[in-house]
Every structure is written in C-alpha cells, then in structure tokens.
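**Student:** First, the structure itself, so that you have it in front of you.
The values are calculated or read from the model by the stated rules, or taken from the named source; none is laboratory data. If you're wondering where the values come from, they're calculated on a predicted model, not measured in any experiment. All Cβ positions, glycine included, derive from the backbone under ideal geometry; neighbour counts span all protein chains shown. When the accessible area is computed, the model is the full protein with side chains, heavy atoms only, and any ligands, DNA or RNA have been set aside. Shrake-Rupley method; radii C 1.70, N 1.55, O 1.52, S 1.80 Å.
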Amino acid sequence: MAAPAAKSVEGEGGGGPKPMEGDHRDNIFQFFRSHTAYDMLPESGKVLLLDGSVSAYSALRLMNANQQLAVPVWDGRGDRYLGMVTASDMLELVLLCSKSDGCANLTEAMRAINLEKWISAYARPPGCPQPSVELHPDDDLIRVLSTLVRNDCRVLPVLDREGGAPLLNQCIIGQVTYLLLFRFLYYHQEADLGTLEGTLGEVGIGTLG
C-alpha cells in the first residue's frame, strides 16, 4: 500500500500551504543525520588541554583565565586520554578541600590534588563523562545527541584518532555541549523549529500528564 501524502495547512493571508508538525520533525531529524560533530565545531575555537599532573588549584585558575567550563585531561607520560574536568568538578573540589583537616588552607589543599588523582580516585559529580565516552569528527548529530543523553553528559570531547597524529593530545580537536548542538540547529534550521512552539504538554515531551 502506498504511503499517504504529507498533509499541509493553509498559511495565514493566503500565503500558501505550510508543512505540518510531522514535516518539521522530519526536517530536523534529517538535518541531524546529514551533519557531523566536526561541522558543529567553531571555526576559530580553541582547545584548552591540561596534563593530569596539573594541580586542582592550577586547573581552576587556567579554566577561569580561559573562560572554559570543561577541559580535556591527558596523561603526557602514557599518552592517554584521562577524561574531562568540568566546572562541577571544580566546585566539588572546593567543597572537598574546604573540609580537609590535613591542610592549613583551601589553596594548599587544592594544590595537593592533581587532576589524574581526582579523576581516578574520587567520586565525580553528575554530568561528568567517563574517560571511555568520546565522539569522533564524522559522528552524525543523532549519534552526538544520543551519546550525550545515554551517558548523562553535559560535555564530550571530539577526538580524531585516525588523523595520523603521533600524540593523543594532538588528536583532541574540540568539545561539544547541548548548548553548542542546539545553537547549531537553531542557526541552520530556524524555519523548521515551529514544532517547538507548543507547550511541553502539547508536544508530549517527558512525563508531563
């Protein structure tokens, strides 16, 4: 049996037919399937990369100076990716070190913990990705979104492991977040975002109702 033709509604003022909500959704999904993680990365963006031997105190200062909410961490001796350190990590570290009895002050306590020790030995706050979770430049945006959601991550690194780079730190080409993903969608598919104008109850998102 042939599939029914897509329906349309007449626009206000006789402006011709407009696509129904289902068409908007199809266009958005097709957009996600036809673009990659690399397409989404800013052309002039910079990547701040920290070595695992860097202290938590130095990491906090560097992230603040470079206005970064998350940074990749790598082991320079073993040439391996250790994970991402986020602003949530820094806040958790501040709370942890402020309660430390073995150090005279907060600064001393934060200098006593390096990033490798923090990632490997302490319980991380929610939203921090595991070291095994990463994205690649040719991953389509459906995969990007599903990886963020299924792993409960707010940010993920984009690693190009097949570019022939001798060191892993030369393979980290950027990072993606929910904000970057949907900003990219908005700038390129604004006309198809009419499907997002309804309320959560009307759209049927989540457990509302």
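**Student:** Filter segment 163-197 for residues that are within 28 Å of Arg25 (Cα to Cα), among the aliphatic types (A, V, I, L, M) and modelled with pLDDT of 70 or more and give the result.
**Tutor:** Within segment 163-197, Val176, Leu179, Leu180, Leu181, Leu185 qualify.
**Student:** Go through Ala109, Ala70 for me and flag whichever is in contact (Cβ under 8 Å) with a residue 40 or more places away in the chain, buried (at least 16 other Cβ atoms within 10 Å of the Cβ) and small (Gly, Ala, Ser).
**Tutor:** Within the list Ala109, Ala70, the selection yields Ala70.
**Student:** Inside segment 29-54, can you point out the residues that are of a type in the set (Lys, Arg) and touching a Leu at 6+ places or on another chain (Cβ under 9 Å)? Write out each step before concluding.
**Tutor:** Just the residues of segment 29-54 that are of a type in the set (Lys, Arg), to begin with: 33, 46.
Scanning segment 29-54 gives a single hit, Arg33.
**Student:** Do you know which residues across segment 46-67 are open to solvent by less than 50 Å² (accessible area, probe 1.4 Å) and not in a helix (DSSP H, G or I)?
**Tutor:** Within segment 46-67, Leu48, Leu49, Leu50, Asp51, Gly52, Val54, Ser55, Asn66 meet the criteria.
**Student:** Give me the residue from segment 73-101 that is of a type outside the set (A, V, I, L, M, F, W, C) and open to solvent by 70 Å² or more (accessible area, probe 1.4 Å) and, out of that set, farthest from Leu49 (Cα to Cα). Before you say what the answer is, go through the steps one by one.
**Tutor:** Going residue by residue through segment 73-101, those that are of a type outside the set (A, V, I, L, M, F, W, C) are 75-81, 83, 86, 88-89, 92, 98-101.
From what is left, the residues that are open to solvent by 70 Å² or more (accessible area, probe 1.4 Å) are 77, 80, 92, 98-99, 101.
Values: Arg77: 15, Arg80: 12, Glu92: 20, Ser98: 26, Lys99: 28, Asp101: 31 Å.
Taking the candidates together, the pick is Asp101.
**Student:** Could you list all residues from segment 53-63 that are polar (S, T, N, Q) and farther than 14 Å from Thr107 by Cβ?
**Tutor:** Going through segment 53-63, the residues polar (S, T, N, Q) turn out to be 53, 55, 58.
Hit for segment 53-63 is Ser53, nothing else.
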